[in-house]
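See below for the structure under consideration.
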Amino acid sequence: MLPPIEFQKPLISAEQLEARVASLAEEIRADYAEAVLPISVIVVLKGACFFAIDLLKKLDLPCRMDFLQASSYSGMGSTGEVRLHSDITLPVAGTDVLLIEDIVDTGLTASWLAQHLTSHRPATVRLCTLLDKPSARRIAVRIDYIGFTVPEAFVLGYGLDYDEGYRNLPAIYTVG
Ligand code: IMP
């Protein structure tokens, strides 16, 4: 059973998401103009999938897509420990990797994943996150592309969940 949550005005509306995703795609396309193509886009499941699919539909650049699944959150809090549930299957050695996250909160997951991908010997690794919550940071992470900076609050919708629910909300809401 999902906890009942009363949603008020979204923190980020579907229209704002659509506009920012389009401008991010343009920034990324311009930055990768000189890249070894196709680039390797690695999507962190499950939270980043809505964002990644919308972004890639707008990204006018040859790319390959792969997924990995990691978690460090349980309910509404970080466990402080990153667990890799499934890894990439495409070889990424020598390619330009773009890692797509839903949110960088403590920074533990993104920093662990960037190191993990670096061990596959790509040419470069860049990080793109839909949301950045800098007030919760516990470890420094270099983020190359940020959709929106959000305040210290639990957020959900557009891929982000609460106990696996609410991912399919078309906008982003805060809880609590
Ligand atoms: P971090 O390792 O603390 O940076 O958190 C990374 C992961 O925790 C994200 O990829 C999300 O899956 C989850 N997470 C962190 N903050 C939130 C939130 O406010 N709402 C939903 N999920 C979150």
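The values are calculated or read from the model by the stated rules, or taken from the named source; none is laboratory data. Quick caveat, the model's predicted, so the values are computed rather than measured. Note that we place each Cβ from the backbone using ideal geometry, even for glycine, and neighbour counts take in every protein chain shown. Heavy atoms of the whole protein, side chains included, go into the accessibility calculation; ligands, DNA and RNA do not. Shrake-Rupley method; radii C 1.70, N 1.55, O 1.52, S 1.80 Å.
The figures follow:
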quantity: Listed residues Pro91, Leu56, Phe7: farthest to the positive end of the dipole of the chain (Cβ charges); calculated: Pro91
quantity: Lysines with Cα under 21 Å of Lys133, excluding same-chain neighbours fewer than 8 positions away; calculated: Lys9, Lys46
quantity: Segment 27-127, dipole about Cα centre (Lys/Arg Cβ +1, Asp/Glu Cβ -1), debye to the nearest 20; calculated: 180
quantity: Of Ala140, Gly159, Met76, farthest towards positive along the dipole that unit charges on Lys, Arg, Asp, Glu beta carbons give the chain; calculated: Ala140
quantity: For segment 10-101: rounded, prolate or oblate by the Cα gyration tensor [a/c cutoff 1.5]; calculated: oblate
quantity: Length-normalised contact order for segment 52-176 - Cα pairs under 8 Å, 6+ apart - percent; calculated: 18
quantity: Apportionment of accessible area to carbon and sulfur, the chain, percent (1.4 Å); calculated: 52
quantity: Cα-derived Rg to Rh of the chain, Kirkwood definition; calculated: 0.95
quantity: J(HN,Hα) series, segment 143-157, from Karplus relation 6.51 cos²θ - 1.76 cosθ + 1.60, nearest Hz, glycine and proline x; calculated: 10, 8, 9, 10, x, 9, 9, 10, x, 5, 7, 7, 10, 8, x
quantity: Amide H within-cut-off set for Leu98, under 5 Å, with H built and near neighbours excluded; calculated: Ser40, Val41, Ile42, Arg126
quantity: Segment 1-64: proportion of alpha-carbon pairs further apart than 17 angstrom, %; calculated: 53
quantity: Accessible surface, the chain, averaged per residue in Å² (probe 1.4 Å); calculated: 50
quantity: Surface/4 estimate of mean projected area, convex hull on alpha-carbon atoms of segment 115-161, nm²; calculated: 4.3
quantity: Vicinal HN-Hα couplings computed from phi for segment 125-141 (Karplus, 6.51 cos²θ - 1.76 cosθ + 1.60; Hz; Gly/Pro x); calculated: 10, 10, 10, 10, 10, 5, 10, 10, 10, x, 5, 9, 5, 10, 9, 5, 9
quantity: Principal axes of segment 87-176: Cα extent on each, largest first, Å; calculated: 43, 26, 20
quantity: Inter-probe distance in nm under a simple model that places probes 7 Å from Cα toward Cβ, at Glu15 and Val36; calculated: 4.4
